[in-house]
Amino acid sequence: MPSTAGLTVSIVIPVLNTAERLPLLARWFQAQKPAPPMEVVLVDSGSTDDTVAVARRLGFRTTTISPFSHGGARNLGARVAQGDVVVLMTQDAEPADDAWLDQLTVPFGDPQVAGVYGRQLPRPEATPLERLFLSYRFPAGEMQTRRYSAGTPIGYEEAFFSNVNAAVRRSVLLENPFDEALLMCEDQQFSRDVLRKGYAVAYAPAAQVIHSHTYSMRHYFQRYFDSIVALRQVFGRNFGLGTSSRLGRSYLRQEAWTLLRDHPGFFPRYAALTLVRVVATLCAFAEPCLPPRVCRALSLHKAYWNKRQGP
């Protein structure tokens with residue numbers, strides 16, 4: 001069925017062992033107004049629960065991928081999908097209301113828009129640090145559209161995009177696929193590539209999903225290590241240690257003051273997490289000199305480093 005932009009919509013979600021969440025997602029998808037999506041495609045990477053059986057019972061289409069990569073799963077889903085627009089979600093996100101899909105696809109009324117990403121709202125149990133990050137990266141407000149003239153340097157801030165809650169024009173994605181060799185941050189790579197080619201990228205804050213994480217110290221380190229390694233892969237010289245430090249200092253000043261003022265009891269944990277981020281960043285910039293087995297231990301995505309290690 002058509003979206004308000006007059007385009008058909010497929011939802012594509014990479015999944016692993018998420019059978020329990022699928023009925024909730026199905027209800028939310030069907031509740032979307034003025035119309036639900038044309039189809040839902042799940043890209044399964046080896047679930048050992050009833051994910052595939054439950055998905056088929058709910059009327060979702062399924063396909064499988066092995067080995068998994070963030071870019072590969074989304075590319076496969078886009079090839080299988082039939083809609084003009086491919087909506088990309090993670091399995092742990094859920095629409096916040098029945099206007100989510102409509103608001104996420106409205107910007108495609110502009111034929112130059114190649115991708116749209118929406119707002120992320122924290123879960124009730126989210127930490128003050130996570131809440132602050134989401135409010136900073138995904139603020140409320142009016143829709144914004146980014147486009148750049150030829151030759152403009154496009155770094156992390158200019159290309160920021162998030163596949164947790166996004167939509168892309170399928171024809172553009174098939175011509176500009178996600179890089180399957182990246183550790184992660186394939187969303188930033190796609191945004192960078194299409195912006196360089198003269199397309200526009202939009203932020204639609206009225207398209208809201210519920211999504212946040214509560215990481216242990218270990219997982220927080222691993223996630224941060226992976227993010228910095230991947231951003232270096234995507235932006236190369238445009239994301240050196242100096243750039244990372246500059247962006248980090250600017251954000252940390254605002255972050256520290258806000259948390260100290262509004263959540264003083266959380267500040268000791270925040271100080272520890274900040275140290276974790278600094279160490280993870282330094283390790284990520286040292287990654288080219290580290291053996292794959294060390295990187296594997298530092299990373300959340302073990303399989304990626306297994307491939308890098310070779311026979």
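The values are calculated or read from the model by the stated rules, or taken from the named source; none is laboratory data. A quick note: this is a predicted structure, and the numbers were derived from the prediction, not measured. Heads up, the Cβs are rebuilt from the backbone with ideal geometry, glycines too, and the neighbour counts pull from every protein chain shown.
Of the residues making up the range 286-307, just one is of a type in the set (A, V, I, L, M), closer than 20 Å to D179 by Cα and assigned to a loop (DSSP other than H, G, I, E, B), namely L300. Beta carbons closer than 8 Å, at least 6 apart along the sequence or on distinct chains, pair a first residue in the range 45-60 that is in the same structural domain as T90 (by TED's automatic domain parsing) with a second that is aromatic (F, W, Y) and assigned to a loop (DSSP other than H, G, I, E, B) for S45/F68; G46/F68. The selection criterion, being surrounded by fewer than 22 Cβ atoms within 10 Å (Cβ to Cβ) and under 16 Å from the mean Cα position of the chain (by Cα), does not hold for T63.
Taking (1) surrounded by 12 or more Cβ atoms within 10 Å (Cβ to Cβ); (2) within 25 Å of the chain's Cα centre (by Cα); (3) over 16 Å from Y215 (Cβ atoms) in turn, V276 satisfies each apart from (3).
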